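Q: Would you mind keeping the following structure in view while I ask a few things?
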Amino acid sequence: MRKLLVTGGAGFIGSNFVEYWLNKYSEDRIIILDALTYAGNPHNLPALFKESPRVEFWYGNVRNDELVNTLVGKCDLVVHFAAESHVARSIFDNKEFFMTDVIGTQTVSNAVLKHMNHVERFIHISTSEVYGTALTEPMTEEHPLNPMSPYASAKAGADRLVYSYWATYQIPAVIVRPFNQYGPRQHLEKVIPRFITSAIKNEPLTVHGEGSARRDWLHVHDTCERLDALIHAPLENVCGQVFNIGSGFDLDVLTIARKVLAATGRSDDLITFVGDRLGQVQHHISSTDKVGGVVDIGPGRAFDEGLEQTIRWYDQNREWWKPIEWMKDIKVMTRNGRVERH
Ligand SMILES: NC(=O)c1ccc[n+]([C@@H]2O[C@H](COP(=O)([O-])OP(=O)(O)OC[C@H]3O[C@@H](n4cnc5c(N)ncnc54)[C@H](O)[C@@H]3O)[C@@H](O)[C@H]2O)c1
């Protein structure tokens, strides 16, 4: 029986990871630490497990030294998802991004350092956003770090902070850089759920610029499998290392909008174009070679299949997203005081 600390376990990827892990490892126990910001939702936790003795939920902040120390002190594995995670919001007000993403990561890293005698592995969830737009394709872990938004720079700071703790103190850290994720329980501020819920309601799908931004998309369940594999890989193969997690498959935003409309039986006429977004990267595509070299993992589901499953989930779980529908409209104030809607 192992005990995991999952920070940000009430968010999108964190809650999918908790569900995946509890289903797969029936002996293990999980402590979730989450501050339940606007992005965290207690309803994200699988109902079946809410009353389960296998899950302990702690409402609290990853910046709370004492709390984080106490919880890490009880665990064998730490998986750190908690972060402010939305690029557009970081343009308007970025203080929380640096406080949570950098200082929160420092707090977790310090606790791991303190409890190194029993923490077997510390998985730090970074992001492909740290790379900025692709200078070489596909993007390997050696790609320069050119973060293009305050969110990306906060995550780059956290990513290198964890690396430095490995280099200085040899904490058992593995740094993971997921590319774009999609799947159930993703907040409507992110593009795929935004498109899906608009299509379901027969409302316009807003595409930024010409919709030509291309990203690498991986279904969140496939991400969980890769995290699982990295947690179980021999420590000497992964410790202090960075791993991309992506599909190696890129698709532009306009094509995704069209696929969502086709899958929901709506017309392309619902697509409306608005101005480009600040801080967005134009192109991302992951190299999957490095992770494939250390873990034996399949290619993940095809995008069309994953999209169909995701559309079905949003269609069948309207009560989950109705209360946050108004948050699809994100107001961003630019430096000259202009208010843009993202
Ligand atoms: N979603 C993506 O496409 C994607 C891609 C690459 C990397 N990531 C990274 O994966 C991680 C999870 O992303 P997500 O999409 O699930 O994010 P999310 O916004 O859905 O969830 C973040 C969770 O962290 C919690 N949280 C925020 N601040 C906290 C704090 N100070 N203390 C404790 N809990 C706090 C929130 O309440 C929420 O439950 C993040 O680190 C993000 O940077 C996400």
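The values are calculated or read from the model by the stated rules, or taken from the named source; none is laboratory data. In this text, all values refer to a predicted model and were calculated from it rather than measured experimentally. Note that each Cβ is placed from the backbone with ideal geometry, even for glycine, and that neighbours are counted across all protein chains shown.
Q: Please determine whether any residue of the range 147-163 is under 16 Å from residue 123 (Cα atoms) and among the hydroxyl-bearing types (Ser, Thr, Tyr).
A: Yes, some residue in the range 147-163 is under 16 Å from residue 123 (Cα atoms) and among the hydroxyl-bearing types (Ser, Thr, Tyr).
Q: Looking at (1) near the ligand (Cβ under 10 Å from one of its atoms); (2) surrounded by fewer than 24 Cβ atoms within 10 Å (Cβ to Cβ), can you tell me which one residue 73 breaks?
A: Every condition holds for residue 73 apart from (1).
Q: On to the next question. Which is near the ligand (Cβ under 7 Å from one of its atoms), more than 21 Å from residue 178 (Cα to Cα), of a type in the set (D, E, K, R) and in contact (Cβ under 8 Å) with a residue 12 or more places away in the chain, of 54, 63, 29?
A: That would be 63, the only listed residue that is near the ligand (Cβ under 7 Å from one of its atoms), more than 21 Å from residue 178 (Cα to Cα), of a type in the set (D, E, K, R) and in contact (Cβ under 8 Å) with a residue 12 or more places away in the chain.
Q: Residue under question is residue 105, and the condition is that it be among the polar types (S, T, N, Q), buried (at least 19 other Cβ atoms within 10 Å of the Cβ) and under 21 Å from residue 332 (Cβ atoms); does it hold? Before you say what the answer is, go through the steps one by one.
A: Details: among the polar types (S, T, N, Q): yes; buried (at least 19 other Cβ atoms within 10 Å of the Cβ): yes; under 21 Å from residue 332 (Cβ atoms): no.
Here the answer is no, as residue 105 does not meet what is asked.
Q: Enumerate the helices (runs of 4 or more DSSP H) found wholly within the range 12-114, keeping only those where 2 or more residues are at pLDDT 95 or above.
A: Per the criteria, 12-24, 65-72, 105-114.
Q: From 215, 194, 160, which residue is within 11 Å of the ligand (Cβ to nearest atom) and among the charged types (D, E, K, R)?
A: Just a single option satisfies the conditions, and that option is 215.
Q: Quick check on my filter: what residues within the range 126-146 are more than 12 Å from the ligand (Cβ to nearest atom) and either in contact with a Gly (Cβ under 7 Å, 6 or more places away or on another chain) or touching a residue at least 12 places away in the same chain (Cβ under 8 Å) (or both)?
A: 132, 133, 134, 137, 138, 139, 140, 141, 143, 144, 145, 146
Q: If you check every pair at least six apart or on different chains, which have Cβ atoms under 9 Å apart with a residue in the range 264-293 that is under 18 Å from residue 179 (Cα atoms) first and a residue that is in a loop (DSSP other than H, G, I, E, B) and aromatic (Phe, Trp, Tyr) second?
A: 284/179; 285/179; 285/249; 286/179; 286/249
Q: Would you point out which residue out of 45, 4 is more than 8 Å from the ligand (Cβ to nearest atom), of a type in the set (A, V, I, L, M) and in contact (Cβ under 8 Å) with a residue 60 or more places away in the chain? Even if it seems obvious, please write down each step before you answer.
A: Numbers: 45 fails: in contact (Cβ under 8 Å) with a residue 60 or more places away in the chain.
On inspection, the qualifying residue turns out to be 4.
Q: Still on this structure: Taking the conditions exactly as written (polar (S, T, N, Q) and over 29 Å from residue 111 (Cα atoms)), does residue 133 satisfy them or not? Walk me through it before giving the result.
A: On the way: polar (S, T, N, Q): yes; over 29 Å from residue 111 (Cα atoms): yes.
Criteria met by residue 133.
Q: Let me ask you something else. Within the range 209-221, which residues are under 16 Å from the mean Cα position of the chain (by Cα) and either over 17 Å from residue 25 (Cα atoms) or buried (at least 21 other Cβ atoms within 10 Å of the Cβ) (or both)?
A: 215, 216, 217, 218, 219, 220
Q: Please tell me if residue 195 is buried (at least 19 other Cβ atoms within 10 Å of the Cβ) and assigned by TED's automatic domain parsing to the domain that holds residue 129.
A: no
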